[in-house]
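What follows is a set of notes on a single structure, which appears directly below.
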Amino acid sequence: MPYLEERGDAKSSAGEEALTASRMVRIVGAYVRPHGLALAGFFASMLLSAGALLLLPKLMATAIVQGAQRHEWRVIVVIFGLGLVWTLAGALRNFLITWVGERVMADLRTAVFRHVLGLSPAFFEKRRTGDIISRLLTDVALLKTAVTAALPYAPRSIVMLLGSLIVMLVMDPAMTLLVVLLVPFLVLLWRSVGKEIRRLARETQDRLADLGAVVEESINGIRTVQSYQSESRVGAIYENLVRSGLQLTYRRLRLGMGMSVATGVIVFLLIAGMLRLGFHQIHSGMLTAAQLTAFLFYAFFAAISSASISEAWGFLQRGVGAGERVLALLNAVNPIQEPQDPVPLPAGKGQVEFRQVEFHYPTRPRHYAIQRLSCTIGAGQHVALVGPSGAGKSTLFHLLLRFYDPQAGEILLEGVPLTRLSMQELRSAFAVVSQEPVIFSASARENILLGRPSATETEVMEAAQAAHAWEFLRTLPEGLDTQLGERGITLSGGQRQRIAIARALLKDPRILLLDEATSALDSESEHAVQSALTRLGKNRTTVTIAHRLSTVRHADWILVLKDGRIVGQGKHDDLLGDCPIYARLAKHQFLTDTKAL
Ligand SMILES: Nc1ncnc2c1ncn2[C@@H]1O[C@H](COP(=O)(O)OP(=O)(O)OP(=O)(O)O)[C@@H](O)[C@H]1O
């Protein structure tokens, strides 16, 4: 379990290109663009509500001075009307921006997941599942909070701040000058603190992803954790990660608090200064008490707006930190690219050719898993792959399915290089039945339908019967509708294999890639699986990673692999004499396979 290793300085974002701010804006912008009308509505309602609020104090001051004498009702109605406009426009503004935010985030989340689904397995070797899950869930959620909780208030507060400043400037330029002098200090403060908050938020999210990875791995391997009594060790690793995340959060909160306090102190110092100046002006008859009150209202608006800008700024920075992690996923380049102008797959029965293929896994550049390998698998042939553990047998399957591309040489299907075929056509030519088939937590029907989602009920039933899966599915409480549990936990090994065979039968591929199970099944299940496999292998090219004597005996051709090279090929009886590696393998591996004798 990799997480049991020290990874104090592990960065889950390692290896990804850093996103520039402009690229981020461009990516998010593409998702926002379709909602231009709603955004225009948002800006209009924001301006309307801010305008109404800005007019109120001035009108009130006028009303207080004049209202008592005449036009009382008119003044009251106008003030009430303005209040109503402010309320309604404010509500509309919040509704529109929240709606747009939610939509954009939902689209973004789906787009990121779809993109991740298409990435080559090489991408996932460098990242942990927990990290990807946390990016899709918590980071998107944080980004959403920033977008929906901070964005609606930030522009409003900016408009309010500017608006207040302008009215104040008209009312009393001297006092306003005092304010303008202080603005650069505020901006400087927000900028520097904001940058740090953003960094801390990103790191906190990385820690959260580490946590996700630990939970994921230990729950998946709970039996191993418990049987090795590693509960307290895993618990301690988790606790350490939680603590380091907490420390980051503390630092972020302290910074945020400091920023708010500093903003508040600066602003109220300003108001104190204004009062001093205001009183002086009243004494000298330059200002009336009502005017000073109105002026102070605007100063308050400006103060509240500044505080809310500083808060929104903090939120936004956190959102940007999380956004970087989400968009890095969307930005991840797929090492396996679809061809620009794919060649249609010619008709055929599944002829495969390897030409001087060299391949190493991306994580192990110095270890060649396949070395200058050339061979042809004739259409309709049954070929057995044998070789010691680590010889490269499964790797050949990975290359055929284009999970990875070889670094040199090429692989051809029906004479066309795999890289020239569309991924859809290429993969539809193959079906894989592995030792440990993957069953999804869905019904038996859905699991079988994975082979061909458009299949009819009768076809699913026929496939289940041919795969000898119907025998046990029939006895399950809800037949094909029975939920099979996470990773098919409710089924036995043989049953899982038969579901996988039914799935492959339904797909009806040109080429079957079969990794024979090494673990013994009980003889009844074994018989059912073998007979299902025989049926599945009929009339198509079959490549089997062989562990049974019966398989190698019946194979048209056997390829013996060692260290990624072909070290022998031929029929079983010939290889026993010609290929010492094969003879040794046969002695140790197949001859113990008594069931096949
Ligand atoms: N995802 C991977 N990343 C890096 N190296 C890998 C990866 N998968 C396999 N390898 C390495 O590539 C080599 C070939 O592995 P492969 O799984 O193809 O062997 P195999 O013949 O199928 O073995 P087995 O019979 O044990 O399944 C081995 O040295 C293995 O360690």
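Values quoted throughout were computed directly from the atomic coordinates according to the rules given, and no laboratory measurement underlies them. None of these values were measured; they are calculated from a predicted model. Glycine gets a Cβ as well: all are built from the backbone with ideal geometry, and neighbour counts include every protein chain shown.
The Val180 and Leu88 beta-carbon pair, evaluated with R₀ = 30 Å, returns a calculated FRET efficiency of approximately 0.35. If the chain linking Ser422 and Thr376 were pulled fully straight, counting 0.36 nm for each residue of separation and taking away their Cα-Cα distance, it would gain 14.4 nm. For region 18-331, the fraction of C-alpha pairs farther apart than 32 angstrom is 44 percent. The packing ranking, built from the mean of other Cβ atoms within 10 Å per residue, places the peptides 576-586, 424-434 in the order 424-434, 576-586, highest first.
Each peptide among 287-294, 300-307 gets the average number of other Cβ atoms lying within 10 Å of its residues, and from highest to lowest they stand as 300-307, 287-294. The dipole here belongs to the chain: it is taken about the Cα centre, uses +1 on the Cβ of Lys and Arg and -1 on the Cβ of Asp and Glu, and is about 1420 debye.
Over the chain, DSSP H runs of length four or greater, each weighted -39,500 (n - 2.57), average out per residue to a 222 nm ellipticity of -20000 deg cm²/dmol. For the chain, the extents of the C-alpha atoms along the principal axes are 118, 50, 50 Å, listed from largest to smallest.
The length gained by stretching the chain between Arg565 and Leu253 to full extension, at 0.36 nm per residue less their Cα-Cα distance, is 106.5 nm. Ordering Val116, Ser550, Thr224 by the projection of their Cα atoms onto the charge dipole of the chain, which places +1 on the Cβ of Lys and Arg and -1 on the Cβ of Asp and Glu, puts Val116 at the extreme positive end. Helix 289-331 axis versus longest C-alpha principal axis of the chain: approximately 10°, rounded to the nearest ten. Structural descriptor for the chain: relative contact order 14 percent, calculated from alpha carbon pairs under 8 angstrom and at least 6 residues apart. Here the spin labels are modelled as points 7 Å beyond Cα on the Cα-Cβ line, and at Gln340 and Ala236 they lie 5.7 nm apart.
Beta bridges assigned by DSSP with both partners in the chain are antiparallel in approximately 55 percent of cases. Annotation for Phe43 and Ala30: the two label points, set 7 Å from Cα along the Cα-Cβ direction, are 2.3 nm apart. For region 137-293, a crude dipole built from +1 on the beta carbon of Lys and Arg and -1 on the beta carbon of Asp and Glu, taken about the Cα centre, is about 220 debye to the nearest 20. Under a model in which nothing but the beta-carbon of Lys, Arg (+1) and Asp, Glu (-1) is charged, region 18-331 shows a dipole of about 380 debye around its Cα centre.
Against the chain, whose longest principal axis comes from its Cα atoms, helix 493-507 is set at around 80 degrees. The number of Lys pairs in the chain with C-alpha atoms less than 26 Å apart, excluding pairs fewer than 8 positions apart on the same chain, is 23.
When the chain is described by a simple charge dipole with +1 on each Lys and Arg Cβ and -1 on each Asp and Glu Cβ, the residue from Asn334, Thr148, Met171 located farthest towards its positive end is Met171.
Counted residue by residue at 0.36 nm each, then reduced by the alpha carbon distance between them, the extension gain from Lys195 to Ser227 reaches 6.9 nm. Since only Ser389, Val242, Thr419 are under comparison, the one whose Cα sits farthest along the positive direction of the charge dipole of the chain, derived from C-beta charges on Lys, Arg, Asp and Glu, is Val242. Taking 41 Å as R0, compute the FRET efficiency from the Cβ-Cβ separation of Val170 and Arg243 and round it to 0.05. Plugging the Cβ-Cβ distance into 1/(1 + (r/R0)^6) gives 0.15. Enter the angle in degrees (range 0 to 90, nearest 10) between the Cα long axis of helix 72-117 and the first principal axis of the Cα atoms of the chain, meaning the one along which they spread out most. In the chain, helix 72-117 runs at an angle near 20 degrees to the longest axis.
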